[in-house]
Every structure is written in structure tokens, then in C-alpha cells.
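Single-structure report; data block below.
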Amino acid sequence: MIIGKKRQEVIFNIKRCVKEKKFNAKVEPDDPALSKKDRLKLVEKFWANHNSPFSKAINILARGILNVGTPLLTLNTKIDNPKSLGKLSSAIITCNHYN
């Protein structure tokens, strides 16, 4: 993990994969691999619980936290080209590789 003991190895792997244009490659050392059967079980479990009252309540709570927290966490965010965002009503930008 990027914040763990193997941070430098992860950073090296990210740089290597970027140079090789392997943007979806795994970069974490000892990253576990799931079999197709295990992946399907996880997805089935997710969908089975997706419409439960507990899941709906957690969803409402999480959205509330994000609606309050996001503006606070992005007070100093700079958008380089705001014109390109003009037609969007909302957006979520994610990145799983950061330093």
C-alpha cells in the first residue's frame, strides 16, 4: 500500500507502469488475486445486500457526509480549465494512484 512499508516499491511500480502505458496494471507488491468464482461471489453478495434497509440508510448517511465534507475539503482546489466543465451538473473524480 502506498502508505505502508513498501511505499517506495509501489511508487517505482507506478512510474514503471506509466512509462509502459500499463495504466490498469497492479502495482502493489503481494496484491491478492481473486479467482473468477470468488469475484462472482463478492458481486452477488453486494447485489443481494444492495437494497436492504441497512444499505439504504448507510447510503443516505454517506451522501450526507460527502455533501458537507466535499466543499470543506476542496476549498483550495484549483481547476485549470473551468470552461471544459461548463456542461456538467456534477462530477466525481477518482484516482487510485497518488503521492
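The values are calculated or read from the model by the stated rules, or taken from the named source; none is laboratory data. The structure displayed is predicted, hence computed values, not measured ones. Side chains included, ligands, DNA and RNA excluded: accessible areas come from the protein's heavy atoms. Shrake-Rupley method; radii C 1.70, N 1.55, O 1.52, S 1.80 Å.
Couple of notes before you dig in:
- Relative contact order, percent, the chain [alpha-carbon distance under 8 Å, six or more residues apart]: 24
- List I58, I65, ordered by accessible area with a 1.4 Å probe, largest first: I65, I58
- Report summary: the helix-based calculation at 222 nm, which adds -39500 (n - 2.57) for every DSSP H run with n ≥ 4 and divides by the residues of the chain, gives -16500 deg cm²/dmol.
- S35 contributes an accessible area of around 60 Å² to the protein surface, as traced by a 1.4 Å probe with all chains present.
- Surface accessible to a 1.4 Å probe, E44 within the full protein complex, Å²: 120
- Out of every Cα-Cα pair that the chain contains, those further apart than 17 angstrom amount to 73 percent.
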